[in-house]
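Working notes for the structure below.
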Amino acid sequence: MEHLDLSPWRVAHKSVLNLDQFDTRPPDQLPAESDALAAHTKKLSERLNHLQATLHAARSCSVLLVLQGMDTAGKDGAIRHVFSQVSPLGVRAVAFGAPTQEELQHDFLWRVHSKVPALGELAIFNRSHYEDVLVTRVRGLIDQATCEMRFRHIQHFESLLHESGTIILKCYLHISKHEQKKRLQARLDDPNKQWKLQPSDFTDRKLWPHFMRAYEEALSATSSSHAPWYVVPADSKPHRDLFIAALLVQVLEKLDLKMPKSAFSLSEVRLDG
């Protein structure tokens, strides 16, 4: 599965993106049987662990994985399952909620820049700087001119990260409105999951078409060769996780990372006893 051709789900820069043309269901190339799916995911997770350990040791670059999507699309679940086999050393997840009062006193990227990964680190953004061209746009907090200006700021920001050694991958978790309804109902029915619910989950659902148009505009405006967007089919949780794991493994393997050599001569080492 690490050799799955992911190019059909990659968003072309300044394309006329229509999310209705992307299936929210898993592609036929991925295994359908649960046992086969679990085996492939475990294999990819183990490979990802090795690659991330090499990234952490080499410290020659860093990786930023951005996860965006409608409520219940599975950002939390993807982080939990894709990285289940990966050592927490060198991996960090950051969740971006509504800006604090202090953060609102600065430019919209101020709170994001300090959270980007250092060399040797893999950081996962659960929501991100894109909230400021999605939620703010749909709710009428910014106008079109401000939104387009922020697109340019995001492009410059991500170019800065790229030129500083950060590999950027951005995944839009593409869930259907029907599947979201099922997941919201499951949360309503489960006392252990009700804490996740927010009033915005239900008000944003009523604005679904507006969010789809905002995502289409944002993804096409900010997908680039060094910071591409991928539309990840997310109606199936296991297939969603397999897709993201395969993407990470493919990108990390292309880096051809090597474990660094020892800083001193090991031939001179003599162990006592």
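With 19 Å as the cut-off, how large is the P(r) tail for region 165-228, expressed as percent of Cα-Cα pairs?
Details: 976 of 2016 pairs.
I get 48 percent for the Cα pairs in region 165-228 exceeding 19 Å.
To check you understand DSSP bridge types, tell me what percent of the beta bridges within the chain (both residues inside) are antiparallel, rounded to 5.
Antiparallel bridges: around 5 percent, rounded to the nearest 5.
Within the accessible area of region 170-256, what % is carbon and sulfur when the probe is 1.4 Å and the other protein chains stay in place?
55
For the chain, take the longest principal axis of its alpha carbons; what is the angle in degrees between that and the long axis of helix 237-254, to the nearest 10 within 0 to 90?
In the chain, helix 237-254 runs at an angle near 50 degrees to the longest axis.
From the square roots a ≥ b ≥ c of the eigenvalues of the alpha-carbon gyration tensor of region 142-273, which class results: rounded (a/c under 1.5), prolate (a/b over b/c), or oblate?
Judged from the Cα gyration tensor, region 142-273 comes out oblate (a/c at least 1.5, b/c at or above a/b).
Between residue 263 and residue 5, how high is the FRET efficiency from 1/(1 + (r/R0)^6) when r is the Cβ-Cβ distance and R₀ = 35 Å? Nearest 0.05.
Calculated value: 0.30.
For region 19-107, what mean projected area does the convex hull of the alpha carbons give, in nm²?
9.1
Send over a whole-number figure in Å² for the accessible area per residue of the chain, probe 1.4 Å. Working shown, then result.
Working: 14210 Å² over 273 residues.
For the chain, the solvent-accessible area averages 52 Å² per residue.
Provide Rg over Rh for the chain; use the alpha carbon set for both Rg and the Kirkwood Rh (inverse mean inverse pair distance). Could you put the intermediate results ahead of the total?
Working: Rg = 19.8 Å, Rh = 19.9 Å.
Radius of gyration over Kirkwood radius for the chain works out to 1.00.
Can you give the FRET efficiency for residue 100 and residue 143, using 1/(1 + (r/R0)^6), R0 = 25 Å, r = Cβ-Cβ distance, to the nearest 0.05?
Computed FRET efficiency for residue 100 and residue 143 comes out at 0.60.
Using a 7 Å offset from Cα along Cα-Cβ at residue 60, what residues in region 231-268 end up with backbone N under 16 Å from the label point?
Residues 251-263 fall inside that zone.
So, in Å, what gap is there between the alpha-carbon centers of region 198-273 and region 71-111?
That distance is 12 Å.
In whole Hz, with x marking every Gly and Pro, tabulate ³J(HN,Hα) for region 96-113 from phi via Karplus 6.51 cos²θ - 1.76 cosθ + 1.60, θ = phi - 60°.
Along region 96-113, the couplings run 9, x, 5, x, 6, 4, 5, 5, 5, 7, 10, 5, 5, 8, 4, 6, 8, 4 Hz.
Below 18 Å, Cα to Cα, which lysines can residue 14 reach? Residues fewer than 8 away in the same chain don't count.
Once the sequence-local lysines are set aside, what remains near residue 14 is 170.
Enter the angle in degrees (range 0 to 90, nearest 10) between the Cα long axis of helix 34-58 and the first principal axis of the Cα atoms of the chain, meaning the one along which they spread out most.
Result, in degrees: 60.
With all pairs of different alpha carbon atoms counted, what Kirkwood hydrodynamic radius in Å does region 209-273 show?
Taking the inverse mean of 1/r over all distinct Cα pairs, region 209-273 comes out at 16.4 Å.
What are the residues whose amide H is under 5 Å from the amide H of residue 229, where those residues sit 5 or more places off or on another chain and H is modelled from the backbone?
Residues meeting the criterion, in which the H sits 1.01 Å from N, are 11, 224.
³J(HN,Hα) across region 147-163 via Karplus (A = 6.51, B = -1.76, C = 1.60, θ = phi - 60°), whole Hz, x for Gly/Pro?
4, 5, 5, 5, 4, 5, 4, 5, 4, 5, 4, 6, 5, 4, 4, 4, 6
Counting only Cα atoms, I'd like the Rg/Rh figure for region 133-188, Kirkwood definition for Rh.
Expressed as Rg/Rh, it is 1.15.
Mind giving me the FRET efficiency for residue 21 and residue 208? R0 is 22 Å, r the Cβ-Cβ distance, nearest 0.05 is fine. Show your work: numbers first, answer last.
Numbers: r = 17 Å, r/R0 = 0.76.
Efficiency, rounded to the nearest 0.05: 0.85.
Is it possible to state the helix-based mean residue ellipticity at 222 nm for the chain, with each DSSP H run of 4+ residues giving -39500 (n - 2.57), the sum divided by total residues, to the nearest 500 deg cm²/dmol? What is it?
Value at 222 nm, helices only, nearest 500: -13500 deg cm²/dmol.
The values are calculated or read from the model by the stated rules, or taken from the named source; none is laboratory data. Remember, predicted model here, so these are calculated numbers, not experimental data. No Cβ is skipped: glycine too gets one built from the backbone with ideal geometry, and neighbour counts run over all protein chains shown. Note: accessible area is taken over every heavy atom of the protein model, side chains too, but ligands, DNA and RNA are not part of it. Shrake-Rupley method; radii C 1.70, N 1.55, O 1.52, S 1.80 Å.
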